[in-house]
2 protein chains.
Amino acid sequence: MENEEMKQIWKIPKPTLRRLPWYLAFVKLLKGKGETFVSSTQIAKEINVDSSQVAKDLSFVNISGKTRIGYEINALINVLEDFLGFTSQHKAFLFGVGSLGAALLQDFGLNQYGLDIVAGFDIREELAGTNINGIPIYHIQDFPSKQKEFGAIIGIITVPVEKAQEVTEQIINGGIKALWNFTPFRIRVPEHIVVQNTSMYAHLAVMFNRLNSMNH
Amino acid sequence: MENEEMKQIWKIPKPTLRRLPWYLAFVKLLKGKGETFVSSTQIAKEINVDSSQVAKDLSFVNISGKTRIGYEINALINVLEDFLGFTSQHKAFLFGVGSLGAALLQDFGLNQYGLDIVAGFDIREELAGTNINGIPIYHIQDFPSKQKEFGAIIGIITVPVEKAQEVTEQIINGGIKALWNFTPFRIRVPEHIVVQNTSMYAHLAVMFNRLNSMNH
């Protein structure tokens, strides 16, 4: 049964997982406007996705709509937030308190979505003992002892690119299970480790390129 | 000729555009180690992409490798940085100085990649006249006059989700050509407008889901 469920979770395509937060944002908007039901057609129109795709995406979460009425909005919000992991807190460490790392430690609004950054680490001695937004910064050599204390499962990587692989290996050895990689470096990890890449620079490059081609 | 070039740029597949910054990061690393040449095989091995794919990706930029020696690293870095738009500054306005917006206005390191955020806008009167990291914050009603002054082409959207579409329309009318959308809302734009979505929440959702399925 547990195994069945596991397979169930694994089968969810990444594009579905990326669309679900859009649906969530939209139905929360509707709720704010006082609506109580939403149809997959309504969602489809707003998000610019096929309505059969919306229904298919929502079939992965534990909710069923009523014919001609659609989904109950409150229930849909609860189920989506829960399904997406936004309702439980996931402890994270941040590695590399440079410009990007420090900005992420500011109140970024990510804790509302289940990400609880409990500490930052850096190689620079002078940062140890300071804090940003109440989040303590430690020297990287204290990672093993702090990991014992906090038991973080997520590592946010904002170190300089030439340190990305080294830090990755160090923190996986220390028990981190998932890496949120903000560097433009393709880190290599064992199969059982989750990696999510968010390369701002790559997004910028795509945007600049599209802009240039529009203007020619 | 101009038209030819335009088509050339348009033909670049998005996956190629997303991989080029990885190659750039890697060859910069090699340069730091004192290397002068790099082969597509070396890049392929490091990035975990097929070596023929690397050669194909690099065929879009104006550089050719030498048989058995590969690409000259300095030339490759220059060509890639230039091609990706990182060497010229693109003026941007940021809309919505909440937690995420304020964090992005901190020194985020994006100006090294060609993004020059020249002002922030918010609806809250009390923010007007303040600044973050030297970047002035104005009331949103001053956008048209500030747009005349600065001539920004990129709008970074960090407003609350329920304002995303309204602000989008307002700033496109004011002359913004490209939108970097950080909200989880799917904004709708005319065809000639560039949109780049960076949804941190969606990335978090994918990561949480993979983590959960690993742990079951």
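The values are calculated or read from the model by the stated rules, or taken from the named source; none is laboratory data. Note that the coordinates shown come from a computational prediction; the quantities given were computed from them, not determined experimentally. When we count neighbours, we look across all protein chains shown, and the Cβ atoms used for this are built from the backbone with ideal geometry, even at glycine.
The residue that is nearest to A:Arg210 (Cα to Cα), counting only those in segment B:188-198 that are more than 8 Å from chain A (Cβ to nearest Cβ) and assigned to a loop (DSSP other than H, G, I, E, B), is B:Ile193. Helices (runs of 4 or more DSSP H) fully within segment B:15-91 that include at least 3 residues being touching a helix residue (DSSP H, G or I) at 6+ places or on another chain (Cβ under 6 Å) and closer than 25 Å to B:Leu110 by Cβ: B:40-47, B:73-83.
All of (1) surrounded by fewer than 20 Cβ atoms within 10 Å (Cβ to Cβ); (2) of a type in the set (Gly, Ala, Ser); (3) without any contact (Cβ under 8 Å) to a residue 24 or more places away in the chain; (4) closer than 30 Å to A:Leu127 by Cβ hold for A:Ala103 with one exception: (1). For beta carbons closer than 6 Å, sequence separation of 6+ or different chains, a first residue in segment A:138-165 that is within 21 Å of A:Pro190 (Cβ to Cβ) and crowded, with 23+ Cβ neighbours inside 10 Å and a second that is among the basic types (Lys, Arg) and modelled with pLDDT of 95 or more, the qualifying pairs are A:Ala152/A:Lys91. Exactly one residue among A:Asp107, A:Asp116, A:Asp142 is within 21 Å of B:Ser213 (Cα to Cα), of a type in the set (Asp, Glu) and either away from chain B (no Cβ under 11 Å) or not in a helix (DSSP H, G or I) (or both), and that residue is A:Asp116.
Quick one: would you say A:Phe143 is of a type outside the set (A, V, I, L, M), within 15 Å of A:Phe93 (Cβ to Cβ) and over 21 Å from the mean Cα position of the chain (by Cα)? Step through it out loud before you land on a result.
On the way: of a type outside the set (A, V, I, L, M): yes; within 15 Å of A:Phe93 (Cβ to Cβ): yes; over 21 Å from the mean Cα position of the chain (by Cα): yes.
Taking the combined requirement at face value, the residue satisfies it.
Restricting the first member to segment A:43-72 and to residues that are at positive phi, and the second to residues that are aromatic (Phe, Trp, Tyr), the beta-carbon pairs closer than 7 Å and six or more apart or on different chains are A:Gly70/A:Phe37.
Would you say A:Asp57 is among the acidic types (Asp, Glu) and loosely packed, with under 15 Cβ neighbours inside 10 Å? Lay out the reasoning, then the answer.
On the way: among the acidic types (Asp, Glu): yes; loosely packed, with under 15 Cβ neighbours inside 10 Å: no.
No; evaluated as a whole, the condition is false for this residue.
Being free of Cβ contacts under 8 Å to residues at least 24 places away in the same chain and either among the aliphatic types (A, V, I, L, M) or under 30 Å from A:Val161 (Cα atoms) (or both) is not true of B:Phe93.
Could you grab me the full set of residues in segment A:119-133 that are in a strand (DSSP E or B) and crowded, with 17+ Cβ neighbours inside 10 Å?
Initial filter on segment A:119-133 (in a strand (DSSP E or B)): A:119-122, A:131-132.
Within segment A:119-133, A:Ala119, A:Gly120, A:Phe121, A:Asp122, A:Ile132 qualify.
Before we move on, is A:Val38 modelled with pLDDT of 95 or more, among the hydrophobic types (A, V, I, L, M, F, W, C) and more than 30 Å from A:Gln170 (Cβ to Cβ)? Yes. The number of residues in segment B:177-187 that are part of a loop (DSSP other than H, G, I, E, B) and either more than 7 Å from every other protein chain (Cβ to nearest Cβ) or at pLDDT 95 or above (or both) comes to 4.
From the list B:Ala128, B:Ala164, B:Ala92, the lone residue that is aliphatic (A, V, I, L, M), more than 22 Å from A:Val206 (Cα to Cα) and more than 7 Å from every other protein chain (Cβ to nearest Cβ) is B:Ala128.
Quick one: would you say A:Pro136 is out of contact with any helix residue (DSSP H, G or I) (no Cβ under 6 Å at 6 or more places or on another chain), closer than 29 Å to B:Phe182 by Cβ and either in a strand (DSSP E or B) or more than 14 Å from chain B (Cβ to nearest Cβ) (or both)? Explain how you work it out, then say what you get.
Numbers: out of contact with any helix residue (DSSP H, G or I) (no Cβ under 6 Å at 6 or more places or on another chain): yes; closer than 29 Å to B:Phe182 by Cβ: yes; either in a strand (DSSP E or B) or more than 14 Å from chain B (Cβ to nearest Cβ) (or both): yes.
In short, yes.
Among the hydroxyl-bearing types (Ser, Thr, Tyr) and farther than 19 Å from B:Thr16 by Cα: does that describe B:Thr36? Spelling it out, B:Thr36 is indeed among the hydroxyl-bearing types (Ser, Thr, Tyr) and farther than 19 Å from B:Thr16 by Cα.
Under the condition of being surrounded by fewer than 19 Cβ atoms within 10 Å (Cβ to Cβ) and not in a helix (DSSP H, G or I), the residues counted in segment A:199-216 number 1.
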